[in-house]
Amino acid sequence: MIQQTYDKLTKEQKLIFLAGVFEGEGSFGFWGKIEKKNRYLRVQLRMCDEDIVVRFIDYFKLGAITTNLPKNTKHSRSWKWTVSGDRAIDVMLQLNQFLGIRRQEKFKECYQSYKQSHH
């Protein structure tokens, strides 16, 4: 029933939904050592709801999903969607307009830094 409701959303409504999930469960920033030039931008989302994580790869048609089996049996299995480099910029340019002010400002800083180091 819920999946059917999601499927009926417009493309923009799906993006707004995904931005809301990302606001709570996602992260972005630079990975790699600061002193090395091979630092890269990454967007990722980790959560225990596989169906929601799959919606990200279905919508953006980018990235990879990996799973994490917890060492402690009290914890749940989780899934992580990851996109790196220029493709991470593409994702963030779409999500950014629907994110909170703090994340929009962080993305602006990351984007400017990325442009300076890669162009």
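The values are calculated or read from the model by the stated rules, or taken from the named source; none is laboratory data. It should be emphasised that the depicted structure is a prediction, and the values quoted were computed from it without experimental measurement. Please note: Cβ atoms are built from the backbone with ideal geometry, for glycine as well, and neighbour counts cover all protein chains shown.
For the stretch 42-78, which residues satisfy the criterion of being surrounded by 11 or more Cβ atoms within 10 Å (Cβ to Cβ), part of a strand (DSSP E or B) and more than 12 Å from the chain's Cα centre (by Cα)?
T66, N68, S78
Given (1) charged (D, E, K, R); (2) modelled with pLDDT of 95 or more; (3) within 17 Å of A88 (Cα to Cα), where does E50 come up short, assuming only one miss?
Failed condition: (3).
What pairs come up if the first residue lies in the stretch 96-109 and is more than 16 Å from Q44 (Cα to Cα), the second is among the β-branched types (V, I, T), and their beta carbons are under 9 Å apart, counting only those six or more places apart or on different chains?
Qualifying pairs under 9 Å: F98/I16.
Please go through the stretch 24-41 and give me each residue that is among the hydroxyl-bearing types (S, T, Y) and either exposed (fewer than 13 other Cβ atoms within 10 Å of the Cβ) or modelled with pLDDT of 95 or more (or both), ordered by number.
Hit for the stretch 24-41 is S27, nothing else.
Would you confirm, using the coordinates I've provided, whether R103 is closer than 16 Å to L18 by Cα and modelled with pLDDT under 95?
Spelling it out, R103 is indeed closer than 16 Å to L18 by Cα and modelled with pLDDT under 95.
Tell me, please, whether a residue that is under 23 Å from T5 (Cα atoms), in contact with a Leu (Cβ under 7 Å, 6 or more places away or on another chain) and touching a residue at least 40 places away in the same chain (Cβ under 8 Å) can be found in the stretch 79-94.
The initial filter retains those residues of the stretch 79-94 that are under 23 Å from T5 (Cα atoms), namely 79, 81, 94.
The next check asks that each one be in contact with a Leu (Cβ under 7 Å, 6 or more places away or on another chain); those that pass are 81, 94.
If we keep only those that are touching a residue at least 40 places away in the same chain (Cβ under 8 Å) as well, we get 94.
For the stretch 79-94, residues under 23 Å from T5 (Cα atoms), in contact with a Leu (Cβ under 7 Å, 6 or more places away or on another chain) and touching a residue at least 40 places away in the same chain (Cβ under 8 Å): present.
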